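Below: the structure, in structure tokens.
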Amino acid sequence: MVRAKTTIDAYLAAVKGERRRALQALRRTIRSVLPRAEECISYGIPAFRNDGRVVAGFAATAKGCSYFPFSGATLARLARELKGYGGTKSALHFDPAKPLPVSLVRKLLRVRIAEDRPRRSGSRGKKVRRATPR
């Protein structure tokens with residue numbers, strides 16, 4: 001049985017070579033954009049929680065690396081900027097030899113965080129209950 005990684009450091013220690021370097025650089029970029037974000041493991045991958053909400057994550061894959069905005073809308077909103085990258089509805093795939101540009105990561109995070117604002121500001125101070133998977 002393989003033990004689940006409980007920290008980003010433990011996750012990255014198990015990743016080798018170019019993929020590890022690319023993910024370490026992505027981690028530094030996310031930390032520079034969101035210095036107060038909490039590092040965590042969510043759905044088994046390294047992630048970042050901002051104001052209590054997971055807003056970004058990454059993973060090594062068999063063929064490269066992936067960035068996860070933890071939203072089904074973020075990548076669709078930035079479709080024009082993401083041309084040339086592979087992916088799915090919820091993951092942006094990239095070649096570790098060509099890491100994601102800092103400006104693109106900033107934009108991904110800005111769009112993702114903005115998605116949460118309407119829900120939060122619409123509550124007018126009331127506690128809003130959300131069904132979130134655990």
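The values are calculated or read from the model by the stated rules, or taken from the named source; none is laboratory data. Quantities reported herein were computed from a predicted structural model and do not represent experimental measurements. For neighbour counting, all protein chains shown are included, and Cβ atoms are generated from backbone atoms with ideal geometry for every residue, glycine included.
Of all residues in segment 51-68, none that is under 12 Å from residue 95 (Cβ atoms) has its Cβ atom under 6 Å from the Cβ atom of a residue that is at pLDDT below 95, 6 or more apart or on another chain. Could you list, in sequence order, all residues of segment 34-59 that are in contact with a strand residue (DSSP E or B) (Cβ under 9 Å, 6 or more places away or on another chain) and either closer than 17 Å to residue 107 by Cβ or of a type in the set (D, E, K, R) (or both)? Once the filter is applied, which keeps residues that are in contact with a strand residue (DSSP E or B) (Cβ under 9 Å, 6 or more places away or on another chain) and either closer than 17 Å to residue 107 by Cβ or of a type in the set (D, E, K, R) (or both), segment 34-59 yields 34, 36, 37, 38, 39, 48, 49, 50, 55, 56, 57, 58.
Where residues in segment 47-91 are assigned to a loop (DSSP other than H, G, I, E, B) and among the aliphatic types (A, V, I, L, M), which of them is modelled with the lowest pLDDT? In this case the residue turns out to be 62. Inspection of segment 92-113 finds no residue satisfying the criterion of being polar (S, T, N, Q) and part of a loop (DSSP other than H, G, I, E, B).
For every residue, the table says whether it meets (1) within 14 Å of residue 66 (Cα to Cα); (2) loosely packed, with under 12 Cβ neighbours inside 10 Å; (3) modelled with pLDDT of 95 or more; (4) not charged (D, E, K, R).
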residue: 6; (1), (2), (3), (4): no, yes, no, yes
residue: 15; (1), (2), (3), (4): yes, no, yes, yes
residue: 21; (1), (2), (3), (4): yes, no, yes, no
residue: 25; (1), (2), (3), (4): yes, no, yes, yes
residue: 29; (1), (2), (3), (4): no, no, yes, yes
residue: 32; (1), (2), (3), (4): no, yes, yes, yes
residue: 36; (1), (2), (3), (4): no, yes, yes, no
residue: 45; (1), (2), (3), (4): yes, no, yes, yes
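Within the set 59, 79, 97, the sole residue that is in contact with a Cys (Cβ under 8 Å, 6 or more places away or on another chain) and small (Gly, Ala, Ser) turns out to be 59.
Determine whether segment 63-83 contains at least one residue that is over 16 Å from residue 116 (Cβ atoms), exposed (fewer than 11 other Cβ atoms within 10 Å of the Cβ) and in contact with a strand residue (DSSP E or B) (Cβ under 9 Å, 6 or more places away or on another chain). Scanning segment 63-83, I find no residue that is over 16 Å from residue 116 (Cβ atoms), exposed (fewer than 11 other Cβ atoms within 10 Å of the Cβ) and in contact with a strand residue (DSSP E or B) (Cβ under 9 Å, 6 or more places away or on another chain), so the answer is no.
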